[in-house]
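Below is one structure, written out as C-alpha cells; the observations come after it.
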Amino acid sequence: MTNLMCRLMREDYGNPSSLHHMGLAAERHVKQARRSLARAVGCRAEEIVFTSCGTESDNLAIRGIAEARRRAGRRLVTTAIEHPAVLETFAALENEGYETCIVGVDKEGFVDPDRLAEAVDEETTLISVMHVNNEVGSIQPLAAVAEKKKNALLHSDCVQSLGKLPIPTEVLDLASFSAHKIHGPKGMGALCKAGSLHIIPQQTGGGQEKGLRSGTENVPGIAGFGLAASMAAESMDERCTQIAAMRDYLRRGILDEIPDVRINTPDHDAVCCILNVSFLGTRGEVILHTLEQQGIYVSTGSACSSHAKTRGSHVLRAMGLSGEAIEGAIRFSLSAYNTKEDIEQTVDALKKAVHRFRHLGGFR
Ligand code: PLP
C-alpha cells in the first residue's frame, strides 16, 4: 500500500479532473479504488462517495438527508452509543430547529429495535444506528431496525465493521466508512449512498464525486483505501477468527489473573477485535499510561473521541455502568498482528499496574 501511495505522490501525481494523460492515469486509480471498495462493501461502484474521513461521511449522510427531506419531516432518530461524529451532528441539527430523539441501549450495549421503532413516527426522515459500537464492540441488529423504519431512511456508521463483518448494504440507505480502521491511510473516508437517493452536498465547489463532495480528490489516500479494502475483504473470515481467539485469550487471562474486573464487551454478537474491561478501584487513564511505558497502547474510550467534552464514556454511561466501573474502564483494540506473546505480556503488565494502583489507593 505504501509503495502505491508513494508512487502516486512522487510520479503519477496528476489531478483526476485534468484532461491530459497524467490526469487520466490518476482517474484510473480513483476508479479502481472505487470498484475495490464497492466490492468489499457490497454495493455498486457508482454508490461510493469518497470523503476525508468517517466523521465527514457521517455528517454528509445525516445533514444531507435531513436537509433534502426537511419538507417531509424534521424528526431524526439515533442511539445513545453513537460516535460523536453522529451525536454531535444530531446536537447541531437540534440547534438548527430539527427534532432529535436519542434512544437508549440495554446493559450489554444493544439497541432494542422495538424501542427504537416507538421513537419513529411519520415525520421521521432519518434513523442513524451504528453497525458496531466502537467502545464495547456490540453488533447492532440493523436488519430488525430496517424492518421497522416506516418512511424513514436508515443510515449506519459502519466505520468499525468494515473488514470485520459483511456490511448489510441490502437493508441500508447510507453507510459510512473510514480507511484507518482497516490499516488504510488516516484522513480518508467514504459514504455509500443507495443509487437514486438525493442528498444535499455539504461541500460545494468544483463538483467532484458527482457533485456530492467537491474538492480535488486525495488520489494517494483513495488508492490506499481501495487497496486496504481489497486486502481486508480477501481474508476476512480467517483473520477475524484469529483476532477473536486473541481477544478471548486476553479476556481469559484478565479474568484468571486479576480480581474485581467487569467485562463490558458482550459475550455474544460482538466484533472480533474489541475488548472493554473495567478494573474496579483504578483509574483507566493511569493504567493506560503505565502500559504505554512498556509499549502497550490501549485507550480509555475510543481514541477518536477522546477530545469529548464530558468526562467518562457516554457509551458505558448509556449501558448503566457505575461511576467506578466507568472510571476504571480500558478498551483493548486488537488486530491480526497481535500474537499470544503480546497478550501474555499485556496481562502481566496489567496485573502489576492494577495491583500497584489498588495498593497505593487502599482499594477495599
Ligand atoms: N465512527 C466510529 C464508530 C468510529 O470509531 C470513528 C473513529 O474511530 C469515527 C466514526 C470517525 O472516523 P474518522 O476518525 O475517520 O473521522
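None of the figures in this text is laboratory data; all of them are computed from the coordinates on show. Everything numeric here is computed off the predicted structure, so don't read it as measured data. Neighbour counts run over all protein chains shown; Cβ positions are idealised from the backbone, glycine included.
For the peptides 175-182, 350-357, what is the packing order when you average, over each peptide's residues, the other Cβ atoms within 10 Å and list the highest mean first?
Working: 175-182: 26.5, 350-357: 18.8.
So the peptides 175-182, 350-357, ranked by packing, come out 175-182, 350-357.
Taking a cut-off of 20 Å between Cα atoms, list the lysines near residue 352, but don't count ones fewer than 8 places away on the same chain.
Excluding near neighbours in sequence, the set is 340.
Please report, for the Cα atoms of region 74-144, the Rg to one decimal and the Dmax as a whole number; what are they, in angstrom?
11.8, 33
At a Cα cut-off below 21 Å, give the lysines reachable from residue 149, other chains included and same-chain residues fewer than 8 away excluded.
193
Between residue 189 and residues 5 or more places away or on another chain, which pairs have amide H atoms under 5 Å apart, with H built 1.01 Å from N, and which residues are they?
51, 52, 53, 179
When DSSP assigns beta bridges and you keep just the ones with both residues in region 154-221, what percent turn out antiparallel, to the nearest 5? Kindly include the intermediate steps, with their values, before the conclusion.
Details: 5 of 8 bridges.
Expressed as a percentage, antiparallel bridges in region 154-221 total about 60.
Would you list the P(r) distribution for region 34-159, with all Cα-Cα distances sorted into 5 Å bins from 0 and each bin expressed as a whole %?
The distribution over region 34-159 is 2, 11, 21, 23, 21, 14, 6, 1, given as percents.
Helix 21-41: angle to the longest alpha-carbon principal axis of the chain, degrees 0 to 90, nearest 10?
Approximately 50 degrees, to the nearest ten.
Could you give me the percent of Cα pairs per 10 Å distance bin for region 41-95, shortest bin first, beginning at zero and ending with the bin that holds the maximum distance?
Percent of Cα pairs in each bin: 20, 49, 28, 2.
Please report, in debye to the nearest 20, how large the charge dipole of the chain is about its Cα centre when each Lys and Arg carries +1 at its beta carbon and each Asp and Glu carries -1 there. List each step's numbers first, then the result.
Numbers: 41 positive and 45 negative charges, 114 e Å.
Charge dipole, the chain, about its Cα centre: 540 debye, nearest 20.
Under unit Cβ charges (Lys, Arg +1; Asp, Glu -1), what dipole magnitude, rounded to 20 debye, does region 1-112 have relative to its Cα centre? Before the final figure, lay out the partial values.
Working: 15 positive and 16 negative charges, 121 e Å.
Once rounded to the nearest 20, the dipole reads 580 debye.
Take the alpha carbon gyration tensor of region 127-226, find the square roots of its eigenvalues, order them as a ≥ b ≥ c, and report rounded if a/c is under 1.5; if not, report prolate when a/b exceeds b/c, else oblate.
Working: a/c = 2.56, a/b = 1.25, b/c = 2.05.
Cα axes put region 127-226 in the oblate bin.
When 1/r is averaged over all different Cα pairs and the result inverted, which Kirkwood radius in Å belongs to region 236-289?
Working: mean 1/r = 0.0818 Å⁻¹.
With all distinct Cα pairs of region 236-289 included, I get 12.2 Å.
For region 107-254, give the magnitude of the charge dipole about the Cα centre (Cβ charges: +1 Lys/Arg, -1 Asp/Glu; no others), in debye to the nearest 20. Please list the in-between numbers first.
Numbers: 15 positive and 18 negative charges, 102 e Å.
Dipole magnitude for region 107-254 comes out near 480 debye.
Return the percentage of antiparallel bridges among DSSP beta bridges fully within the chain, rounded to the nearest 5 %. Working shown, then result.
Values: 20 of 35 bridges.
DSSP beta bridges in the chain are roughly 55 percent antiparallel.
Near residue 83, within a Cβ-to-Cβ distance under 12 Å, what is the net charge of the other residues, with Lys and Arg +1 and Asp and Glu -1?
Details: positive: 181; negative: 58, 82, 88, 135, 157.
With Lys, Arg at +1 and Asp, Glu at -1, the neighbours total -4.
Want the number for residue 39 to residue 94: 0.36 nm per residue separation, take away the alpha-carbon distance, what's left?
On the way: separation 55, 0.36 × 55 = 19.80 nm, distance 3.58 nm.
Length difference between fully extended and current span is 16.2 nm.
R0 = 35 Å: FRET efficiency of residue 234 with residue 268, Cβ-based, nearest 0.05?
Working: r = 27 Å, r/R0 = 0.77.
Efficiency computed from Cβ-Cβ geometry: 0.85.
For a label point 7 Å from the Cα of residue 17 along Cα→C-beta, name the residues of region 42-63 whose backbone N is under 16 Å from it.
From region 42-63, the list is 50-52.
How big is the Kirkwood radius of the chain, worked out from every pair of different alpha carbons and given in Å to one decimal? Write down the numbers at each step before the final one.
Details: mean 1/r = 0.0466 Å⁻¹.
The Cα-based Kirkwood calculation yields 21.5 Å.
Just to confirm the filter: which GluC sites (Glu not before Pro) across region 1-76 are DSSP coil and have at most 16 other Cβ within 10 angstrom of their Cβ?
Working: sites: 11, 27, 46, 47, 56, 67; in loops: 11.
Passing sites in region 1-76 are 11.
Find which of 180, 204, 154 sits farthest along the positive direction of the dipole of region 152-307, computed with +1 on the beta-carbon of Lys and Arg, -1 on that of Asp and Glu, about the Cα centre.
204
Among residues other than residue 140 whose Cβ falls under 11 Å from its Cβ, what is the net charge (Lys/Arg +1, Asp/Glu -1)?
Values: positive: none; negative: 82, 112, 157, 269.
So the environment of residue 140 carries a net charge of -4.
Apply the a/c threshold of 1.5 to the C-alpha gyration tensor of region 252-357 and tell me whether it is rounded, prolate or oblate.
Working: a/c = 1.36, a/b = 1.24, b/c = 1.10.
Rounded.
Lysines within cross-link reach of residue 181: Cα-Cα under 16 Å, excluding same-chain residues under 8 positions apart?
The qualifying lysines are 164.
Any chance you could give the angle, 0 to 90 degrees and rounded to 10, that helix 84-95 forms with the longest Cα principal axis of the chain?
70 degrees
Mind pulling the angle between the C-alpha long axis of helix 219-234 and the longest principal axis of the chain? Nearest 10 degrees, somewhere in 0 to 90.
60 degrees
Test of understanding: express the Cα radius of gyration of region 169-244 as a ratio to 2.2 N^0.38 Å, with N the residue count. Kindly include the intermediate steps, with their values, before the conclusion.
On the way: Rg = 14.7 Å, N = 76, 2.2 N^0.38 = 11.4 Å.
Normalised by 2.2 N^0.38 Å, the Cα Rg of region 169-244 equals 1.29.
Distance between Cα centroids, region 39-102 to region 149-204: provide it in whole Å.
Here the answer is 10 Å between Cα centres.
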